[in-house]
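Scroll down for the structure; my scribbles are underneath it.
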Amino acid sequence: ISRPNEYYDQFPAMIDSWRADWKQGDFPFIFVQLANLNEACKEPCESGMAELRNAQASALSLPNSAMAVAYDVGEWNDIHPLNKKDVGIRLALGARKIAYGEDVVFSGPVVEDFKVKKNKVYLSFNHSDGGLNSKGNKLGGFAIAGEDGKFVWATAKIVKNQVVVYAKGVKNPKKIRYAWADNPDNANLYNGADLPAPPFSINLNR
């Protein structure tokens, strides 16, 4: 957790090395992203765990890989979630899709593209099967930074099959984050299969 950037290279390298050593081709590799831990941040905060989750997710660029998101099933004071059932179900969905080729929804919504129009960010997702939805009264877990680089909590709304994000006082958004914390307890974006969106951090300059 203290050196999350190393995972961007080391985690996929480990997967590649196992596949090479076992000489079974690109066999299915399904893993669990880090669960939530520690007290939740009242304001947007930096997080080594969030960066490590992002590094884990980057390994999905490898063939025949799947990831079970777990930041919504754990406890603030235990890195090993007591709720093994939901983690197991999500892993099984990945196995059914990747290993057995079944036509099942196995991932929560993943950002596919974005557009910035004035002060608003429009996020498009794949794996939004059954439509995007929020658990709770309103969508949470989104933060935006403007020219000063300081993240503030943002308002997020589901419009058709996109999420529109903006924040009061941020006229020119430069970065956007979702579920970016050790314990992102306000993140509640799911798809119709009740699978959570993985955390992300996006630089909006392109």
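The values are calculated or read from the model by the stated rules, or taken from the named source; none is laboratory data. Model, not experiment: these values are computed from the prediction. Backbone-built Cβ (ideal geometry, glycine too); neighbour counts: all protein chains shown. Only protein heavy atoms, including side chains, enter the accessible area calculation; ligands, DNA and RNA are left aside. Shrake-Rupley method; radii C 1.70, N 1.55, O 1.52, S 1.80 Å.
What to note about this one:
- Applying the criteria of a DSSP loop state and at most 16 other Cβ atoms within 10 Å to the GluC sites (Glu not before Pro) of the range 21-102 yields Glu39, Glu46, Glu102.
- Rounded percent of accessible protein surface that carbon and sulfur make up, the range 77-145, 1.4 Å probe: 49
- When the square roots of the Cα gyration tensor eigenvalues are ordered a ≥ b ≥ c, the ratio a/c for the range 1-89 is 1.5 or more and a/b does not exceed b/c, which makes its shape oblate.
- Of the chymotrypsin sites (Phe, Trp or Tyr not before Pro) found in the range 10-107, the ones in coil according to DSSP and having at most 15 other Cβ atoms within 10 Å of their Cβ are Trp76, Tyr100.
- Cα centroids of the range 1-34 and the range 166-206: 25 Å apart.
- Overall form of the range 72-143 per C-alpha gyration tensor (a/c, 1.5; a/b vs b/c): oblate
- Tail weight of P(r) past 20 Å, computed on alpha-carbon pairs of the chain, percent: 58
- In the range 121-190, trypsin sites (Lys or Arg not before Pro) in a DSSP loop with at most 14 other beta-carbon atoms within 10 Å: Lys135, Lys138, Lys150, Lys160, Lys168, Lys171
- Cα gyration tensor shape of the range 159-200, rounded if a/c is under 1.5, else prolate or oblate by comparing a/b with b/c: oblate
- Rolling a 1.4 Å probe over the protein heavy atoms gives the chain an accessible area of 54 Å² per residue.
- FRET efficiency for the Glu75 to Asn137 pair, using the beta carbon distance and R₀ = 22 Å, is estimated at 0.40.
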